[in-house]
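All remarks here apply to the structure that follows.
Readers should treat all values here as calculations from the given coordinates under stated rules, not as data from a laboratory. Quick caveat: nothing in here was measured; it's all calculated off a predicted structure. When we count neighbours, we look across all protein chains shown, and the Cβ atoms used for this are built from the backbone with ideal geometry, even at glycine.
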Amino acid sequence: MSNPTTGSVEPRRFFLDRFSIDDHALEETIGQAIARRADFADLYFEFRSSESFSLEEGIVKKANKNISQGAGMRVVAGDKFGCAHTDDVTIDTLRIAGETARAIAEAGGSPSAVSVHVTAPRHDLYSLGDHPLDVALADKIDLLNKIDIAARRHDSRITNVMASLGIEQKIVLIVNSSGVVVGDVQPLVRLSVTCIAEENGVRQQGTSGGGGRVEFSFLTEDDRCLSWVRTAADQALRNLGAIDAPAGNMTVVLGPGWPGVLLHEAVGHGLEGDFNRKQTSAFSGKLGQRVASELCTVVDDGTIPNRRGSLNCDDEGTPTGRTVLIEKGILRGYLQDKMNARLMGMEPTGNGRRESFGHAPMPRMTNTFMLSGESQPEDVVRSVANGLYAANFGGGQVDITSGKFVFSATEAYLIEDGRITRPVKGATLIGNGPDSLSRISMVGNDLALDEGIGTCGKDGQSVPVGVGLPTIRIDGMTVGGTQA
Amino acid sequence: MSGQSLEEIASFLLDAARRHGATEADVVVVEGDSLSVGVRLGEVEKVQRSNARHLGLRAFAGKSSAITSSADFSRDSLARLAEESVALARITAADEFSGLPDPSEVATAVPDLDLYDPSIRELTAEIATEWCREAEAAALQSDPRITNSEGGEFAAGTHRVAYAASNGFAGTYQSSSCSLSAVPVATQNGSMERDYWYSARRRLSDLDSPASIGARAAERALRRLGSRQVPTATVPVVFDPDMAASLVGHIAGAVSGGALYRGMSFLQGKLGQTLAPEIVSIVDAGDLPRALGSKPFDGEGLPTRRTPVIARGVLQNYLFDTYSARKLGSRSTGNAARSVADSPGVSPTNLYLEAGSTSPNDIIRSISSGLFVTELMGFGVNPVTGDYSRGASGHWIENGEITFPVSEITIAGNLLEMLRDIQAVGSDLDMRRSICAPTVLIAKMTVAGS
């Protein structure tokens, strides 16, 4: 339970020691796994050490520490794959996992020789001086207590504060049938703050937070955590006096940063390789075609240092990269893992991700955002006679086949005569991916990435991601309030 | 301690925690095996098998507590786990309401609720694959407009849970679950629609037939073709059973003791009030044989039971675990849910809206102009205020008939008003999930569209 793992860890050595295996056993296991007519096989070792602390009603009530570990073996043959996962890692269980996984490949062939060689990841995006797991427990508890005090001091109408701090370190090692052995040590920190405000019997909540693959001190530098406290508290307070959202079709302006979740839902998922190979995405077969207004250039970039969505390599060992998805409105690329890239005759883009050793990899986003345009953000707002300004969102969801997506504003205002006026509550926006993007008529010069709290769910697997957006204007979206 | 039983491991940890100075402690150990297979366009696409074990120890140092959990079952690691748990408990704040339930409250017997199907362990990937193939084929063959498929998928797992606490409770049980689904894609005039259907049960023999699952999935995808927006209006809205179940899910969140003591529920302070017409009764029942949400004891070793939440329109009970019950001066309702890595929280078991007497067809026929909702999207529900606004699709009802498919709209209201405005409850309750409901008619909601 104590952490043998922080400081400098060499993943290969770590796993070989921990599970008492050697390079020869790895070579044999992988060789045996591709013995039939398999295209490739990989073995994924994972050791995840995490802790979390939560505060409510003015005290830190919870402190949890968790260790999970295990290995996943996968064999791919054509468009089929077999997977076996175990948390009881021995030579024997790996061998059984290999047999189970390869049962999917057709009979025939004989064991292949694989000789493994260690490769260093191409990037070094989050080497930390002090690992956040090693910071004194008292400092972590102290931080949560300070957040509580700050929120209550901010306004006497703040009646409850919930704050939680989650820290993890994941050590992974990927060994594949090309002989590549690549490891990574992935830190992750996330702080979240929820405030409840109450006035005249009306209650509202507001939530904010941030983090990344960063040191603990990141949370307090530049008073970051205090700015999240203010954001959460102000959101709750503002919602106390918010009016019901309008209902119907109108011009919508999205603010910079987290509203980039629109891209995540409206285009990101629809451009994942698996859906496009199976031709079940609203974007299937549209490479080279116009899918958005020419003001839009959208990229997925897993190489931004210290970001929540960044990785030195994906969970298949492919170095992450910067993939242009949409360039000036034209569809340019998909997000690929190895299997889907091979079947589509494309290159893997470093987007093969899995929640844990107990899940199979699939194409996923990293940090997805739209590049800045040329408009001043004030001009974007000023250009709208009547509409909605959405500054912050909760979660979103998409049906990738029909392209319909929806997301809910947690902070939104009416725009009246080119000015942001009254706060509104309960605004849900719904649209159709390609259609909404073609209605983007202005793009601000103020691209911002989110604060580092996003988690994306697909097929029951959650992975950390980032989003970003400059201020944009969308001419005509359906706003789902109650005021018809 | 790999060779030892879950009970032995639990008792070793309780002893170790006590030795390190814990005043109270509890341990949960879970282990499970799972199989999932997928078939797409008639070919096997994936076969996945896994096994996993995990345990969690909660230690109390007086009124402070902490949890450590691990997948490493070696004796050394368990000993360290106990030591760390107690050390961590000492640094958290004292909370006067914390602690294990009183020994008088814990279950004295572990009833057999028929939750385990031994045939799931024997099932081969080949047989499961065949079911997937049949389900998908039934969808693909049902209509030429079904042009593509995300496949048929089967998943099953068996689980064993052991829970022991220093208040004297120790119990174990086994359970299983299985599901079969199909996801066809329908195409018309260049636009695609995808839909699904599934069956999920404790026992293999209780699953719906693969062919019926495939046919139902295809019918659902086909009926979405050619959908359009409707103009913004305030109209009656009919929720199909699965969508009505999502409303029951929002009620579940709001009657949970955890949300109530945090001030995060729109049903706070409403106990004893009439919230809905007499046709509305919602029950939580944790002891139903074979049901997906059943368990013989809850996450704190208390017996599960039947709790009326709303009876004939009146809010009768909230759902509690021990902690939230103590905070609010009440008693646990046996609704503690415990995962290995976190302290107990409140969760419904089998929560359902009782069936009414009106057939779903009669409900549709009673509407001159309105919306029939078959899908909801997004997270636009505010648990604190009950404000509700979600993306929706379904069908337009005109003069009592379903006319054309509708999509890219939202429906909005407030859950308190929606409860009050329930006008009819269907007779078609099917306990196909742990939270379920029959068809429900709400007199009016705002539909936003073109």
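What is the magnitude of the charge dipole of the stretch B:6-222 about its Cα centre, with +1 placed on the Cβ of each Lys and Arg, -1 on the Cβ of each Asp and Glu, and no other charges, expressed in debye to the nearest 20? Dipole of the stretch B:6-222, to the nearest 20 debye: 340 debye.
Put a plus charge on the Cβ of each Lys and Arg, a minus charge on the Cβ of each Asp and Glu, and nothing anywhere else: the dipole of the stretch B:227-450 about its Cα centre is then about 680 debye. Distance between the C-alpha centres of the stretch B:232-309 and the stretch B:35-68: 26 Å, rounded to the whole angstrom.
Using the Cα centre as the reference, give the magnitude of the dipole from point charges on the C-beta atoms of the protein assembly as shown (Lys, Arg: +1; Asp, Glu: -1; all else neutral), rounded to the nearest 20 debye.
Numbers: 89 positive and 114 negative charges, 185 e Å.
Roughly 880 debye for the protein assembly as shown.
How tilted is helix B:6-19 with respect to the longest principal axis of chain B? Cα atoms for both, answer in degrees (0 to 90, nearest 10). With both axes taken from Cα atoms, the answer is about 50 degrees. What angle, in degrees between 0 and 90 and rounded to the nearest 10, separates the Cα long axis of helix B:75-91 from the longest principal axis of the Cα atoms of chain B? Orientation of helix B:75-91: about 90 degrees from the principal axis.
Quick check on the stretch A:11-240: of the DSSP beta bridges with both residues there, what percent are antiparallel, nearest 5%?
Numbers: 66 of 69 bridges.
Percentage antiparallel, nearest 5: 95.
For peptide B:220-228, the mean count of partner chain Cβ atoms within 10 Å of a residue's Cβ comes to 1. The mean count of C-beta atoms from other chains within 10 Å of the C-beta of residues in B:407-419, rounded to a whole number, is 4. Globularity index of chain A is 1.04 (Cα radius of gyration / 2.2 N^0.38 Å, N = number of residues). Comparing A:SER441, A:PHE216, A:VAL380 along the charge dipole axis of chain A, the residue lying farthest to the positive side is A:SER441, per the Cβ-charge model. Structure shown: which of A:LYS140/A:LYS458; A:LYS404/A:LYS458; A:LYS278/A:LYS338; B:LYS295/B:LYS327; A:LYS425/B:LYS444; A:LYS80/A:LYS278 lie over 22 Å apart, alpha-carbon to alpha-carbon? Cα-Cα > 22 Å for A:LYS140/A:LYS458; B:LYS295/B:LYS327; rest within. At an R0 of 30 angstrom, the distance between the Cβ atoms of B:LYS270 and A:GLU57 translates into a FRET efficiency of 0.85.
Calculated on the Cα set of the protein assembly as shown, radius of gyration then Dmax: 26.9, 76 Å.
Using a cut-off of 13 Å between beta-carbons, work out the net charge of the residues near A:GLY444 (Lys and Arg +1, Asp and Glu -1, A:GLY444 not included).
Details: positive: A:ARG382, A:ARG473; negative: A:GLU374, A:GLU378, A:ASP379, A:ASP446.
In short, -2.
Simple rule: put +1 on each Lys or Arg Cβ and -1 on each Asp or Glu Cβ in the stretch A:125-268, find the dipole, and look at A:GLY201, A:CYS225, A:LEU128; the Cα lying farthest toward the positive end is A:GLY201.
With both labels modelled 7 Å from their Cα along Cα-to-Cβ, the B:SER369 to B:GLU398 distance reads 1.0 nm. Computed over chain B, the range of Cα coordinates on each principal axis works out to 72, 55, 34 Å, biggest value leading.
Counting every Cα pair in the stretch B:6-222, what percent are over 32 Å apart?
Details: 9788 of 23436 pairs.
Above the 32 Å cut-off, the stretch B:6-222 has 42 percent of its Cα pairs.
Once both labels are positioned 7 Å from their Cα atoms along Cα-to-Cβ, the gap between A:SER127 and A:GLN289 label points is 4.7 nm. With a ≥ b ≥ c the root eigenvalues of the C-alpha gyration tensor of the stretch A:244-480, is it rounded (a/c under 1.5), prolate (a/b larger than b/c) or oblate? Prolate, since a/c reaches 1.5 and a/b exceeds b/c.
Treat the count of other C-beta atoms within 10 Å as a stand-in for reagent exposure and order A:SER49, B:SER77, B:SER324, B:SER166 from fewest to most. Least crowded to most crowded, the residues run B:SER77, B:SER166, A:SER49, B:SER324. Per residue of peptide A:92-100, the mean number of Cβ atoms on other chains within 10 Å of the residue Cβ is 1. Helix A:23-33: angle to the longest alpha-carbon principal axis of chain A, degrees 0 to 90, nearest 10? Compared with the principal axis, the helix lies near 80 degrees. Using 1/(1 + (r/R0)^6) with R0 = 25 angstrom and r between the beta carbons of A:SER462 and B:ARG228, what's the FRET efficiency to the nearest 0.05? After rounding, the FRET efficiency stands at 0.15.
The Cβ shell under 15 Å around A:ARG238 holds other residues with a net charge of -2, Lys and Arg each +1, Asp and Glu each -1.
The residue list B:THR385, B:LEU429, B:ILE402 was ranked by how far each Cα lies along the charge dipole of the stretch B:367-450 toward its positive end, using unit charges on Cβ atoms, and B:THR385 comes out on top.
Taking the Cβ of B:MET192 as the center, what net charge do the other residues with Cβ under 12 Å away carry, scoring Lys and Arg +1 and Asp and Glu -1?
Numbers: positive: A:LYS278, A:LYS404, B:ARG145, B:ARG194, B:ARG224; negative: A:ASP399, B:GLU150, B:GLU193, B:ASP195.
Every neighbour counted, the sum reads +1.
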